[in-house]
Amino acid sequence: MAFELTAERRAILDELLPRYPTRKALTLPLLHLCQEQEGWCSPAVVDYVASTLGVSTAEVQGVVTFYTLYQQKKVGRNVVWVCRTLSCELRGAKGIQEALEKKLGCHAGETSKDGEWTLLKAECLAACGQGPMVQLNDEYHEDLTVEGLDALLEGAKKRADERKAVTFSPVGLAPRGEK
Amino acid sequence: MAVERVRILTKNYGTPESWTLAAYLKSGGYQSLRRALEMEPAKILEEVKAANLRGRGGAGFPMGMKWSFLKPNPGKPNYIAVNADEGEPGTFKDRTLMELDPHRCVEGFLIAALALNVHTVFCYIRGELVLSIRRMQQAVREAREAGYLGSRVLGKDFPLDVVIHAGAGAYICGEETALLNSLEGARGEPRLKPPFPAVVGAFGAPTIVNNLESLAAVPTILELGGENFSKLGRLHHLKDGGVRLYGVSGHVNKPGVYEGPVGLTLRELIEDLGGGVRGGRKVKCVVPGGSSTPVLREEDLVHAPDPKSVLHAWHGKSHFDVPMGVDTFRALGTMLGTCCAIVMDDQTSMVRAAENLMMFYAHESCGQCTPCREGCAWMARLCRKFARGEATERDLDTLTDVANNIMGNTICALGDGAAMPMLGILKLFRNEFEEAVRTKKPAPELR
Ligand SMILES: Cc1cc2nc3c(=O)[nH]c(=O)nc-3n(C[C@H](O)[C@H](O)[C@H](O)COP(=O)(O)O)c2cc1C
Ligand code: FES
């Protein structure tokens, strides 16, 4: 199935294009935009990015596989990244991951059966002074305790009901101050 | 003696809506940009040189000197690439500037652009930092509406754009040439140097790459004058000047980002700023400036009887009492790095700590160079064996060997950044690895 950006997202791309000296430079921003709409970097997305920017699909696919934020398969409605790097680990990150695995019913690297959650391990997310921490879609949640996780997850579900985007993306509609 | 509290870079932290243009203007914002518009570019460069600002991204290169290496190429524009990829484990300082004072960052970019005859600044922010990205985008929008950038800068005929570019999750993109490849839309694989970015950088054009905090200090450098800025630090005499952001994380009571003069000691950072070690325990060791910097212990004393040594003034003192400077810490056999320390208490298993760090590098190696790609993964597997109590005597030799064979054999410094802390831990805590071999017991988990 072919992929097309929505007009709103296409407008973001059109605003960015003249600010870069090459079209290829838009590869990362455009993949972000597409992923926000589609939920992952599907083969159709890769084709679309390649033809829109005039680069080969091999190059785009190479970019998709290089960067952790690009999803290579469908993910849950909510994506939880748990930081397991040293500073967080010294403050109990392992316990947070284990509690999340129980609550979400899936292991790190997996999506829950109901499609609600994807749990992933992350490397240092630049919040080392506030560990343990998770990135839940586009938000950081810091100084976590196991007791606080339920409220956190409930809040995320609610926000996912309201949001326009399929998944989080740093470039897209939401960053423009819209939902 | 408690450390003097400095509020210069962090002046606006805590102000309501500190990220808005209105708040920034109220605090005297964009006055330095007005000053810069009255100055010759060469004069701005002179002030930046006098400021003795050593790059805040980890390598500690003098910012003024780097700027003077920019080699304009007729037919190509000059660019600035701001490094806001903040990915070095333990480092979480640039994020606070972007979230709490984005206009200070933008003002710094604009002044640098005037000094370097740059019409496009690319600010590369790691993709996970969504709040930082939003705040920086908003700041650029507000600055454009207010006429600080766009087709003219405050009425001066100097078109200037700041493009906020989101990364997509890859530690290696903090390495300056990987960042440039990533900005150009490719995989973040580092380039061979030379040519250096100041000669051939982004899109084949001369490019200055600076850390975000380095540039965020520029408005203050013009406000106070370069030399006065330098003298705010304690290592002015070593040409390592100004104020900077410190981070402290791990087993301290008050982890966080704090501002201080250049040259605080680790003891001050841990005790005065970090509130001391959790539970009143003792420190086992500290990763001084991001995970690539070899650990230091309190009980190790400076040996510098030679009066010509940079460390002579601290001869016989604890490593924790040496001021944190680029040259002082290099002389100690470690690196200042990003000045963000990870503190580990006396219950910490260094075998587990090494395992954790090596897993990071194994995951983040870009895969271009064999010694790094294979070596980091190999070190991680070996550390895991030690942590599980499955390692043999020979594994200890292999681990040392692998680390030594990464050093200096790769295109970029990621490999060294993994091997150095590994060798540092093996040097100071070899006994813990030997004990793992002897007892065959799993090491205690980190907590
Ligand atoms: C593996 C690796 C990762 C790096 N990550 C960062 C980073 O996240 N942020 C940064 O500013 N510099 C990072 N650096 C250092 C940059 O290559 C470069 O030295 C720096 O951005 C220059 O800016 P400065 O002179 O203002 O410090 C990294 C270097 C290496 C080798
Ligand atoms: S170690 Fe977890 S955010 Fe840095």
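The local environment of B:ARG191, defined by Cβ-Cβ distances under 11 Å, has a net charge of -3 under the rule Lys, Arg +1 and Asp, Glu -1. Legend: mean number of C-beta atoms from other chains within 10 angstrom of residue C-beta atoms, peptide B:122-135, equals 5. Measuring nothing but how far apart in sequence close Cα pairs (under 8 Å, 6+ apart) lie, relative to its length, segment B:1-110 scores a relative contact order of 34 percent.
Based on protein heavy atoms only, segment A:7-66 ends up with 35 Å² per residue of surface accessible to a 1.4 Å probe. Per residue of A:136-143, other chain Cβ atoms within 10 Å of the residue Cβ number 2 on average.
Taking the 0 to 90 degree range and rounding to the nearest ten, how far is the long axis of helix A:43-53 tilted relative to the main principal axis of chain A, both from C-alpha atoms? Relative to chain A, helix A:43-53 is tipped by roughly 50 degrees. The slack between B:GLN31 and B:SER68, meaning 0.36 nm per residue of separation minus the straight C-alpha distance, is 10.9 nm. Take A:MET133: with every protein chain present and a 1.4 Å probe, its accessible area is about 0 Å². For segment A:78-156, the relative contact order works out to 38 percent when only alpha carbon pairs closer than 8 Å and six or more residues apart are counted.
Rolling a 1.4 Å probe over the protein heavy atoms of chain B, with every protein chain left in place, gives an accessible area that is 52 percent carbon and sulfur. One equal scatterer on each Cα of segment B:317-390, no solvent, Debye formula: the resulting log10 I(q)/I(0) at q = 0.16, 0.23 Å⁻¹ is -0.79, -1.02.
Treating only the Cα positions of the protein assembly as shown as identical point scatterers, give the base-10 log of I(q)/I(0) from the Debye formula at each q in 0.07, 0.08 Å⁻¹. Debye intensities relative to I(0), on a log10 scale: -0.42, -0.55. With all protein chains kept in place, the per residue accessible area of segment A:78-156 amounts to 36 square angstrom at a probe of 1.4 angstrom. Within the same chain, lysines fewer than 8 places from B:LYS231 are excluded, and of the rest, those with a Cα less than 26 Å from its Cα are B:LYS11, B:LYS43, B:LYS49, B:LYS66, B:LYS93, B:LYS239, B:LYS308, B:LYS317. Let a ≥ b ≥ c be the square roots of the eigenvalues of the Cα gyration tensor of segment B:21-107; is it rounded (a/c under 1.5), or, if not, prolate (a/b larger than b/c) or oblate? It is oblate, given that a/c is not under 1.5 and a/b is not larger than b/c. Can you give the Rg to Rh ratio for chain B, taking only C-alpha atoms and Rh from Kirkwood? Across chain B, the Cα-based Rg/Rh ratio is 0.98. Among the residues of segment B:76-96, those with an accessible-area drop of 40 Å² or more from chain alone to full protein complex, heavy atoms and 1.4 Å probe, are B:PHE92, B:ARG95. Counting only DSSP H runs of at least 4 residues, each contributing -39500 (n - 2.57), and dividing by the residue count of the protein assembly as shown, the helix-based mean residue ellipticity at 222 nm comes to -12000 deg cm²/dmol. Taking one quarter of the surface of the C-alpha convex hull of segment A:78-156 gives a mean projected area of 4.4 nm². When the other protein chains are added to the chain by itself, burial of at least 30 square angstrom of heavy-atom accessible area (probe 1.4 Å, ligands and nucleic acids ignored) affects these residues of segment A:84-115: A:THR85, A:LEU86, A:SER87, A:GLU89, A:LEU90, A:ARG91, A:LYS94.
Across segment B:27-34, in residue order, what do the Karplus-derived ³J(HN,Hα) couplings come to in whole Hz, using 6.51 cos²θ - 1.76 cosθ + 1.60 with θ = phi - 60° and x for Gly and Pro? Computed from phi, the couplings for segment B:27-34 are 8, x, x, 6, 6, 5, 4, 4 Hz. Kirkwood's formula applied to the C-alpha pairs of chain A gives a hydrodynamic radius of 17.2 angstrom. Using C-alpha pairs below 8 Å separated by at least 6 residues, the relative contact order for segment A:7-66 is 27 percent.
The values are calculated or read from the model by the stated rules, or taken from the named source; none is laboratory data. Owing to the predicted nature of the structure, the values given are computational and were not obtained by experimental measurement. Note that we place each Cβ from the backbone using ideal geometry, even for glycine, and neighbour counts take in every protein chain shown. Ligands, DNA and RNA are stripped out before the accessible areas are found, and what is left, the full protein with its side chains, is counted by its heavy atoms. Shrake-Rupley method; radii C 1.70, N 1.55, O 1.52, S 1.80 Å.
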